[in-house]
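Engineer: Pasting a structure below so you can have a look.
The values are calculated or read from the model by the stated rules, or taken from the named source; none is laboratory data. What you see is a predicted model; the values in this text were computed from it and never measured. Ideal geometry is used to build each Cβ from the backbone, glycine not excepted, and the neighbour counts take in all protein chains shown. These area figures cover heavy atoms from the full protein model, side chains too; ligands, DNA and RNA do not enter into them. Shrake-Rupley method; radii C 1.70, N 1.55, O 1.52, S 1.80 Å.
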Amino acid sequence: MEEQARVTSGGSTGAGRRRSRKDEILEIAVGLFASRGYHGVSMDDIGAAAGVTGPALYHHFAGKEAMLVAALVPVSEGLLDGGRQRCAAHPDDPRTALESLIDFHVDFALANPAVIALHLHELDRLPEEPRRRIRRLQRLYVEEWVVVLTALHSGLPAAEARVLAHAAFGLMNSTPFLGGEVDRRRRAELLRAATLAALLAPTEPA
C-alpha cells in the first residue's frame, strides 16, 4: 500500500492540513523559481502571479531569499522526520524498512518536483547558516538509509552504502525531468521498482 507521507514546499508532512495564503504564495514562488531560475523572477512577478500587491506580499515574506529558505529548510526537516519514523517502525526488518523509505521518498518526489528542481539549482543562493543547516539535515537523512542498507547487505561498508543511497536519490529525484506521457500512479510504480532493484542488487566487488 502506498504510504501517504507528502512533504510540501511549506514543509508539512501528512495530509489534511489547511493551506494558508502564505503557503499558496510560497508554492507559486517555488514554481516560478523552478521554471525561470531565481534571478529570473522578481517580487513583482510573484505578486502578480499570486494576485497580491507589494505591501501584502512583504507582509508574508521579507524577500525572495526568505522564500527560498521557507521552501527548502522545512522540506529537509520533513524528509528527516519521515525517514526516521519509517526506520523506527521496522527496527528488525531492513527489507521492509527499505521499501517503506522508498515509498516515502517516491511519494515526496512526485508531489514536489518544483522543490527538487529548486534545491538542485538554487541551494547555493541561500545564506550560509540555512545552507549549512540544510546540508546537515540531508546528511542525517542519508544516514537513515545507510543504517538500513548496511543491515540489509552483510559486510557493506557505510561509505559504500552512502554511494548507493545517493544513487537512489538521483533516480527518485528525477521527477522534475519526467514528462506527462506516463500517469502518476505508473510513474510511482516504475520509480519504486527501479530504486528497490538497484538497492537490492549484489554489492560484492567484481
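Engineer: Being hydroxyl-bearing (Ser, Thr, Tyr), at pLDDT 95 or above and open to solvent by 10 Å² or more (accessible area, probe 1.4 Å), is that true of even one residue in region 58-70? Show your work before the answer.
Structural biologist: Residues of region 58-70 that are hydroxyl-bearing (Ser, Thr, Tyr), as a first pass: 58.
Keeping just the survivors that are at pLDDT 95 or above gives none.
No - not one qualifying residue is present in region 58-70.
Engineer: Residues to consider are 152, 164, 110; find the one that is closer than 24 Å to residue 193 by Cα, surrounded by fewer than 21 Cβ atoms within 10 Å (Cβ to Cβ), within 11 Å of the chain's Cα centre (by Cα) and at pLDDT 95 or above. Steps first, please.
Structural biologist: Details: 152 fails: within 11 Å of the chain's Cα centre (by Cα); 164 fails: within 11 Å of the chain's Cα centre (by Cα).
Exactly one of 152, 164, 110 is closer than 24 Å to residue 193 by Cα, surrounded by fewer than 21 Cβ atoms within 10 Å (Cβ to Cβ), within 11 Å of the chain's Cα centre (by Cα) and at pLDDT 95 or above, namely 110.
Engineer: Output the number of the condition that residue 129 fails; it satisfies all remaining conditions of (1) of a type in the set (Asp, Glu); (2) touching a Lys or Arg at 6+ places or on another chain (Cβ under 7 Å); (3) at pLDDT below 95.
Structural biologist: (2)
Engineer: Please pick out the residue among 52, 73, 41 that is among the hydrophobic types (A, V, I, L, M, F, W, C), open to solvent by less than 60 Å² (accessible area, probe 1.4 Å), more than 21 Å from the chain's Cα centre (by Cα) and modelled with pLDDT of 90 or more.
Structural biologist: Working: 52 fails: modelled with pLDDT of 90 or more; 73 fails: more than 21 Å from the chain's Cα centre (by Cα).
Step by step, each of 52, 73, 41 is checked, and only 41 is among the hydrophobic types (A, V, I, L, M, F, W, C), open to solvent by less than 60 Å² (accessible area, probe 1.4 Å), more than 21 Å from the chain's Cα centre (by Cα) and modelled with pLDDT of 90 or more.
Engineer: So, restricting to helices (runs of 4 or more DSSP H) that lie completely within region 85-178, which ones have at least 1 residues that are basic (Lys, Arg)?
Structural biologist: Numbers: elements: 94-111, 113-122, 128-152, 158-172.
Output list reads 94-111, 128-152, 158-172.
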